[in-house]
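Okay, so here's the structure we're looking at.
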Amino acid sequence: MAYSFVESFFIGWAVGVCTISLVVAIIVLALRGTVRGASFFSWLNKSRNTDVSETSTKQKPAAPQQVPESQVIRSPMNPNPITEPHRELAHRIIPVWGPKEIDQNVGFECLIESFGRNLIYGHGNVYTVSVPTIERSLFNDDELVRLAGDPPEGDTWSELICDRDTRYYAIWNFLVRLLYRRMDPDCNVEECLLPPEVSTCFQFIPERQFAHREDCISVWREILFMMLMGRYRMIYQPATGLDKDDPRRERIESMASEVADALNVELLDARGRSGADLKRVLTGIFGIAANCALIFFGQPSVWEANWDSDQGRLVAPRIRFMWNGQVKWTRPATVYNGPPGAPIVEREILPHPKPKRTDLDA
């Protein structure tokens, strides 16, 4: 059967189109499983999306120009630690910077010194006041060790307290040791001066000493502190006492009462004050220590209290702030220099090179 020229042309054209389509289909199927094929289809899809976006841009008004990062105004008192690319010291909440600011935040140490002096000597001194004799049987050494740890110099707490020459030193040292133990985030949750929700969450974090986790944990501590500032009225620095409506007050009062009973402060008091009055004074001191503990917890550096000394008897520890295993700041210890009538050795602020502010300080 013979075909005309027109018929032959259309038949040939149809066969050619089908053949080309088949070849293209085979090539496409082969390319889908290769890297080059994936790159080609990605480029093809991107080109098509670009054409669509150009078309839609012509139909819609242009979006407002984004403000450059350098012109974005951030309040130093309200940073965004999640999106902030460089968490510099200027963008932090209540930073503790240097030995002087460490010393200012631990003002409860001076209050304990004053409390012990008034408790043992009243308004007098070692030359004008007769310190009464106290029986050791009035004290439970196991309970005192549970509260403040082992006593210095290998003695028992009851021996130091009952000895009239060391009673002032013993009370002073005991209370300071107790507060620093309870400021530690690793302290028993029921006894820790930090809010229970803070110490509980912190102690749930496993393997905190790993170097690659220190940065993340420091950011978490700082953010947590910022979130709790409103709840605990943490707007002042150095650390102050508890607000009258502070939810920690009842818990702190219970702690102070327990310590006052263990020390028999009413029997020791040279001014004859009631147990309730003495417990009220201790509650105020414990409240300042609780706020100090929260401020220290919110710092990127990890703090520690060190009681080792070759200088003699200590009544306040050396405080060090550590970062990545290196000492960043040190507040010297306080040496006991005798009862009232002999001045306490002044704290010497040791020279310390100012570290460079880098991203690792975050």
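The values are calculated or read from the model by the stated rules, or taken from the named source; none is laboratory data. Just so we're clear, the structure is a prediction, and the values are computed from it rather than from any experiment. We place every Cβ from the backbone using ideal geometry, glycine too, and count neighbours over all the protein chains shown.
Observations on the structure shown:
- Out of ASN188, ASN140, ASN118, one residue alone is surrounded by fewer than 19 Cβ atoms within 10 Å (Cβ to Cβ) and more than 24 Å from ALA290 (Cα to Cα). It is ASN140.
- Residue match in the stretch 196-206 (condition: buried (at least 16 other Cβ atoms within 10 Å of the Cβ), over 27 Å from ALA148 (Cβ atoms) and polar (S, T, N, Q)): no
Table: residues versus (1) modelled with pLDDT of 90 or more; (2) in the same structural domain as GLY107 (by TED's automatic domain parsing); (3) touching a strand residue (DSSP E or B) at 6+ places or on another chain (Cβ under 9 Å); (4) among the aromatic types (Phe, Trp, Tyr).
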site	(1), (2), (3), (4)
ALA239	no, yes, no, no
ASP246	no, yes, no, no
MET255	yes, yes, no, no
GLU258	yes, yes, no, no
ASN264	yes, yes, no, no
GLY272	yes, yes, no, no
THR283	yes, yes, no, no
PHE286	yes, yes, no, yes
ASN291	yes, yes, no, no
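- Any pair with Cβ under 8 angstrom, 6 or more apart, that starts in the stretch 320-346 at a residue that is outside the structural domain of GLU214 (by TED's automatic domain parsing) and more than 24 Å from ALA293 (Cβ to Cβ) and ends at one that is aromatic (Phe, Trp, Tyr) and at pLDDT below 85: GLY341/TYR127
- Verdict on SER130 being in the same structural domain as THR283 (by TED's automatic domain parsing), within 30 Å of the chain's Cα centre (by Cα) and free of Cβ contacts under 8 Å to residues at least 40 places away in the same chain: no
- The requirement of being out of contact with any Asp or Glu (no Cβ under 6 Å at 6 or more places or on another chain), assigned to a helix (DSSP H, G or I) and among the basic types (Lys, Arg) is satisfied by ARG177.
- Filtered residues of the stretch 157-174 (kept if touching a Leu at 6+ places or on another chain (Cβ under 8 Å) and assigned to a loop (DSSP other than H, G, I, E, B)): THR166
- Within the stretch 145-198, tally of residues that are touching a residue at least 40 places away in the same chain (Cβ under 8 Å), out of contact with any Pro (no Cβ under 7 Å at 6 or more places or on another chain) and under 13 Å from LEU268 (Cβ atoms): 6
- Which numbered condition GLY230 misses (of (1) within 24 Å of the chain's Cα centre (by Cα); (2) of a type in the set (Gly, Ala, Ser); (3) outside any helix (DSSP H, G or I); (4) surrounded by 15 or more Cβ atoms within 10 Å (Cβ to Cβ)): (4)
- Just one of (1) crowded, with 18+ Cβ neighbours inside 10 Å; (2) outside any loop (DSSP other than H, G, I, E, B); (3) aliphatic (A, V, I, L, M) fails for ILE223. It is (1).
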